[in-house]
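Reading through the structure tokens given below for one structure.
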Amino acid sequence: MLATVLVLNALMFIVEFGAGLVAGSAALMADAVDMLGDAFVYGLSLFALSRGSRWKAGAALAKGGFIFLFGLGVLAEIGVKLATGVPPSSRLMLVMGASALAVNLTCLRLLWRFRRQDVNMSSTFECSRNDVIANLGVLVAAGAVAWSHSTWPDILIAGGIAALFLRSAARVIASALAELKREEPELQPVSLTIVRRARAQTDQTR
């Protein structure tokens, strides 16, 4: 399942980012970069899937970092858009936004039953949920651009996507850190046991 959603997101990034460049849409490019990030996230989830709780929490922490960087990248793209001020192609935004929404709804449906399995899969589900929200934002931006012939709807929606990424990053990072802290007490008795055994062996040798 994770391999399937990884491939879907990687392919959609290529198509959507290219369309964003052609359309001149910050919201479309922001959504495409998020899909690339999700492909990395799903790869991390696959890596951590058969490992222990600390590995899964570490993978979730890395995902939070990825999401945070994507949020900063969207803000940078908004700065470029403010400098140029050219309205994007609303028709291309509508087509690609709808296509991306269909792909992400498929991914969300596949991930739904695993959303509370552990911190690794819950952070993966959160990334996919963010994608669906971002896709809906792109469609709203496309309609508003077509109606107003202005670049501001695209900029405002891209800003909303950036805020969503930053908020989600904070939640994922906080959950991962909490999981890592919960694992620490379990490790301490093991470490103490090893030390005590080493001391006992040393005493017997003496």
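The values are calculated or read from the model by the stated rules, or taken from the named source; none is laboratory data. Computed from a predicted model, the values in this text were never measured in an experiment. Cβ coordinates were reconstructed from backbone atoms using ideal geometry, including for glycine residues, and neighbour counts include every protein chain displayed. For the accessible areas, the whole protein counts, side chains as well, though only heavy atoms, and no ligand, DNA or RNA atoms are used. Shrake-Rupley method; radii C 1.70, N 1.55, O 1.52, S 1.80 Å.
The figures follow:
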quantity: Of residues in the stretch 82-109 being small (Gly, Ala, Ser) and touching a residue at least 12 places away in the same chain (Cβ under 8 Å), the one surrounded by the fewest Cβ atoms within 10 Å (Cβ to Cβ); calculated: 85
quantity: Single condition residue 79 does not satisfy, out of (1) assigned to a helix (DSSP H, G or I); (2) out of contact with any helix residue (DSSP H, G or I) (no Cβ under 6 Å at 6 or more places or on another chain); (3) open to solvent by 50 Å² or more (accessible area, probe 1.4 Å); calculated: (3)
quantity: Of the criteria (1) in contact with a Lys or Arg (Cβ under 9 Å, 6 or more places away or on another chain); (2) crowded, with 24+ Cβ neighbours inside 10 Å, which one residue 37 fails; calculated: (2)
quantity: Residue within the stretch 95-114 that is farther than 23 Å from residue 28 by Cβ, part of a helix (DSSP H, G or I), under 15 Å from the mean Cα position of the chain (by Cα) and not aromatic (Phe, Trp, Tyr) present; calculated: yes
quantity: Residue ID - modelled with the lowest pLDDT, chosen from residues in the stretch 115-130 that are part of a helix (DSSP H, G or I), open to solvent by 10 Å² or more (accessible area, probe 1.4 Å) and not small (Gly, Ala, Ser); calculated: 119
quantity: Inter-residue pairs, beta-carbon under 6 Å, first closer than 16 Å to residue 41 by Cβ and in the stretch 163-175, second aromatic (Phe, Trp, Tyr) and open to solvent by 60 Å² or more (accessible area, probe 1.4 Å), 6+ apart; calculated: 169/68
quantity: Selection count, the stretch 131-157, where residues are open to solvent by 50 Å² or more (accessible area, probe 1.4 Å) and hydrophobic (A, V, I, L, M, F, W, C); calculated: 6
